[in-house]
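Below you'll find the structure, written out as C-alpha cells, and then a few comments.
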Amino acid sequence: MDQDRDVAQPQLTIGDLAERTGLSPAVLRMWETRHGFPEPQRIASGHRRYTEADVDLVKQVLRRKEAGIRLEVAIAEASATQAPSSPSIFAELRRRHPTLVTHRLRKSTLIALSWAIEDECCAVAESPVLFGAFQRGDFYGPSAARWTELSRVARSAIVFADHWGGTADEAEGPIRATLAEDAPMRREWAVVCDAFDSTAALSAWELPGQSEVPDRQRLFEAVWTVDPVAVRDAARVGANVAASAGVLAAQPLLYELADPPTPRSTTPTGVTALFNRVVAYVDRLT
C-alpha cells in the first residue's frame, strides 16, 4: 500500500526548527522519540527535514503549554488540527500513531471485531459519526440491514465501496460513497465510531496475492484503538475521502472533525464491555 504523503517540500533542518521555535534540537528529538511529534521527513542521508507547517504546530504546542496544558495533551490537540495527509485510514493511523500494534487477522475475525464495535456504538454512543469501508459493494450487502440500524442512531453514517450495484435499497441507511479505481481504501476494511461519549476504530488492509483464498480466510493487517485522538484522526480521513468522492454531507463534517476531540478517560468498564462483545462474536464465528 502506498502510504506516501503529499505535503509541502520540507526545507528546514532541526537546527532551523529549533531557532524558529526557541527549543533546543535535543528537546525536539526527545519530543519525537516520546510523542512522535514533530514528525520529520528524512532525506537520503537520513537527516531530518521540516516544513513551515511544522514550525506553526510546535509554536501551537508551546502556546498551549504556557496556558497550563500538559505536553502530551497539547501535542495531541496540535496534531488533531492537521489535515489528513493520506487517503487511507490504515496508513494515517500507522503514521500518526506508530505505537498501535498491528495484527494479521482473518476476515472472519475482522467481522467479529466490527460487529462488537458496531453493537457497542449503538448501545453507548450518543449521536456518533460513523464510517465503514467494505472494499466491494457485494461485501456490504450482508451488512446493509445492520448499517441501516446504525444510521438511525448516528449523526452521520457513511460507507465506502468500489460500487453499489445489486445491493439493498439506498433510500434508507447510511450514505454510500463510491471509491475511485485508484483509491487505497479499495483494499481496506474499516469501522470508525466517533462520539462524545464513546470512540473506537478498526482499520485493516488486505495483504496482496490472495485471489485464490476463500473469502473468510483472507488475511488482513489490522490495527484498532479506543483512543479519542486516534479515532478522530481516522474519522477525519473518512470525511476527507467521502468529500473527495462527491458526498456533499461530508463537507460540514470536515469542519466539525477539524476540532480536537473532547478530552475524556477510557474507563475499564467501557473497554471490558467492548472486549466481551469481541470474545462472544469471535467464539460464534470460529
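Some notes on this structure:
- Note on residue 62 and residue 152: the extension gain reaches 28.2 nm, defined as 0.36 nm multiplied by sequence separation minus the Cα-Cα distance.
- Going from the residue with the fewest nearby Cβ atoms within 10 Å to the one with the most, 255, 281 rank 255, 281.
- Sorted by Cβ density within 10 Å, fewest first, the residues 119, 56, 182: 182, 56, 119
- Net length gained if the chain between residue 34 and residue 249 were fully extended (0.36 nm per residue, minus Cα distance): 73.7 nm
- Quotient of C-alpha Rg and 2.2 N^0.38 Å, computed over region 14-80: 1.06
- With the Kirkwood sum run over all distinct C-alpha pairs, the chain has a hydrodynamic radius of 19.9 Å.
- Using 0.36 nm per residue and subtracting the Cα-Cα separation, the extra length available between residue 197 and residue 52 on full extension is 48.7 nm.
- Look at the Cα gyration tensor of region 158-235: its axes a ≥ b ≥ c give a/c of at least 1.5 with a/b at or below b/c, and that counts as oblate.
- Ranking of 16, 233 by neighbouring Cβ atoms within 10 Å, starting from the fewest: 16, 233.
- With the helix formula -39500 (n - 2.57) applied to DSSP H stretches of n ≥ 4, the chain reaches a computed 222 nm mean residue ellipticity of -13500 deg cm²/dmol.
- Most positive-pole-ward Cα, 160, 142, 43, against dipole of region 39-175 from beta carbon charges: 43
- Helix 228-244 and the long axis of the chain differ in direction by around 70°, with both axes built from C-alpha atoms.
Every number here is computed from the coordinates shown, using simple stated rules; none is lab data. Computed from a predicted structure; not experimentally measured. Here the Cβ is made from the backbone with ideal geometry for all residues, glycine too, and neighbour counts use every protein chain on show.
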